[in-house]
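The values are calculated or read from the model by the stated rules, or taken from the named source; none is laboratory data. Remember, predicted model here, so these are calculated numbers, not experimental data. Don't worry about glycine lacking a Cβ; one is built from the backbone with ideal geometry, like all the others, and counts go over all protein chains shown. Accessible surface areas use protein heavy atoms only, side chains included; no ligands, DNA or RNA. Shrake-Rupley method; radii C 1.70, N 1.55, O 1.52, S 1.80 Å.
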Amino acid sequence: MKINLNPNSHPASDADRTEKIAVGGFGKYYTDNMVIAEWTEADGWGDAELKAYGPLLIDPATSVLHYGQEIFEGLKAYSQPDGGVSLFRPEANAERFRKSATRLALPELPIADFVATVEALVRQDRAWVPKNIGESLYIRPFMFGSEVGLGVRPSNRATYLVITTPASAYFNPGKAVTVWISTEYVRAAPGGTGSAKTGGNYAGSLLAQKQAAAEGCDQVVWLDAIERKWVEEMGGMNLFFVKGSGASATVFTPKLTGTLLAGVTRDSILTVAQDLGYKVEEGAISTDQWHAGVTSGEITEVFACGTAAVITPVGAAKSAQGIWPTGDGNPGPITNQIRETLLGIQHGTIEDKHGWNKRVS
Ligand code: COI
């Protein structure tokens, strides 16, 4: 895919950009440019264009607005100690984007094109990458069916875009979240779209998220659709449980059954935890086992992970059966250690043994 560079001729001033980066948040401000490319069934992918960030003109009958044929990714660029910028595992996101596209009957974007378009945009807008540890430039590639028409069929036209936004911590990193275990709603069922990163999964989660908030919780925990007993995910993030403590602890996460999203952060944590000397295990954990584990003290820490928030400690779970605090409710030492190690690798202050960082500038 050729990328035609036609950058914004009126980028933000240094003062404006500095102020927007300092505000941080998540998705509050967008950088000067974006990338856009179009695919048609007849001609395949056209050239990509890097151009000024701005609104799209969308026909009201565009298929995505009606039937939700859409996929997205989330990855980050981190500032490095020498002032450069690295992407974290962009090929892993490219591969998941390819799989999501297949599930949503959208065209596959070759991995090299995904990575090249992301790199081109981050290189162009590198001045927007925040400098502090824990802050980053969040990159949002996405694709949608852009055929105009109301027939329910795979779109014969697709639009791919990449936008970026400076991000500070998604949640307050020092604070543990409280989660609501939803038995009323499910996120994903076998054969559904749970393992694809598609907007509909998030749309379907919002009512349960509202219910969690009404219960005084920050996030919702999803159980399996059939038995409503096996723990799957938290909000848009994967979950981890620490069993035991110290050097003999086991870092456990629900296995990928086809209904869970295969998080890049999840995968990275499994490796980092092993590098740190912990046993790691992927398996099944029921809500009863969660309750019994935190009550007996066998489960010492619980945390969630994702690209946006990296690692978020879970201080307590609440369900119709009651509240189950994790330990003393504060972020645990292994959670903190894994978080600091991962952030250190991403920011280039800890050795990148697995070649995860891809330098872009
Ligand atoms: C992440 O944790 O990165 C997510 O997937 C949440 C995101 C959709 C904001």
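Annotation note: GluC sites (Glu not before Pro) in the stretch 99-163 located in DSSP loop regions with a Cβ neighbour count of at most 12 within 10 Å are absent. As a ratio to 2.2 N^0.38 Å, the alpha-carbon radius of gyration for the stretch 205-361 is 1.04.
Note on the chain: with charges restricted to the Cβ of Lys and Arg (+1) and Asp and Glu (-1), its dipole about the Cα centre is near 140 debye. Ranking of Arg126, Arg187 by solvent-accessible surface, largest first: Arg126, Arg187 (1.4 Å probe, protein heavy atoms only, all chains present). In this view, the solvent-accessible surface of Lys279, computed with a 1.4 Å probe and all protein chains in place, comes to about 120 Å².
Amide H to amide H, with H built 1.01 Å from N, Asn33 comes under 5 Å of Tyr53, counting only residues 5 or more places away or on other chains. Shape descriptor for the stretch 1-133: Rg over Rh equals 0.98 (Cα atoms; Rh from the Kirkwood inverse mean 1/r). Applied to the stretch 294-299, the Karplus parametrisation 6.51 cos²θ - 1.76 cosθ + 1.60 on θ = phi - 60° returns per-residue 3J(HN,Hα) values of 6, 6, 7, x, 5, 8 Hz, with x for Gly and Pro.
Measuring between their Cα centroids, the stretch 279-349 and the stretch 58-96 lie 26 Å from each other.
Inter-label distance, Glu108 to Ala262: 1.3 nm, where each label sits 7 Å from its Cα along the C-beta direction. A Cβ-based charge dipole, computed about the Cα centre of the stretch 177-346 with Lys and Arg at +1 and Asp and Glu at -1, lands at about 240 debye. Here Lys210 is the anchor, and the aspartates and glutamates within straight C-alpha reach of less than 16 Å, apart from those fewer than 8 places off in the same chain, are Glu184, Asp218. FRET efficiency for the pair Lys353 and Glu41, taken as 1/(1 + (r/R0)^6) with r the Cβ-Cβ distance and R0 = 35 Å, rounds to 0.20.
Under 19 Å from a label point set 7 Å out along the Cα-to-Cβ vector of Ile133, the amide N atoms of the stretch 235-270 belong to 269.
Averaging the sequence gap over all C-alpha pairs within less than 8 Å and six or more residues apart, then dividing by the number of residues, gives the chain a relative contact order of 18 percent.
Percent of C-alpha pairs per 5 Å bin in the stretch 284-361, short distances first: 3, 13, 20, 19, 15, 10, 9, 7, 3, 1, 0.
Exposure check, 1.4 Å probe, all protein chains in place: Val280 carries approximately 50 Å² of accessible surface.
Along the positive direction of the dipole of the stretch 177-346 (beta-carbon charges: Lys, Arg +1; Asp, Glu -1; about the Cα centre), which of Thr287, Ala317, Ile181 reaches farthest? Most positive-ward Cα: Ile181.
Rounded to whole numbers, the Karplus 3J(HN,Hα) couplings from phi for the stretch 191-204 are x, x, 10, x, 8, 9, 8, 10, x, x, 4, 7, 4, x Hz, using 6.51 cos²θ - 1.76 cosθ + 1.60 with θ = phi - 60°, and x at Gly and Pro. If you count the DSSP beta bridges with both ends in the stretch 1-159, what percent of them are antiparallel, to the nearest 5? Percentage antiparallel, nearest 5: 85.
Just report the Cα centroid separation between the stretch 183-202 and the stretch 97-125, whole Å. Taking the Cα centre of each part, the stretch 183-202 and the stretch 97-125 sit 22 Å apart. Once all protein chains are placed together, Ile111 keeps about 50 Å² accessible to a 1.4 angstrom probe.
Pairs Lys28/Lys131; Lys28/Lys279; Lys28/Lys243: which are spaced more than 29 Å apart, C-alpha to C-alpha? Before the final figure, lay out each step's value.
Numbers: Lys28/Lys131 17 Å; Lys28/Lys279 39 Å; Lys28/Lys243 38 Å.
Long pairs (Cα-Cα over 29 Å): Lys28/Lys279; Lys28/Lys243.
All C-alpha pair distances within the chain, sorted into 10 Å bins from zero, spread as 5, 23, 32, 26, 12, 2, 0 percent across the bins.
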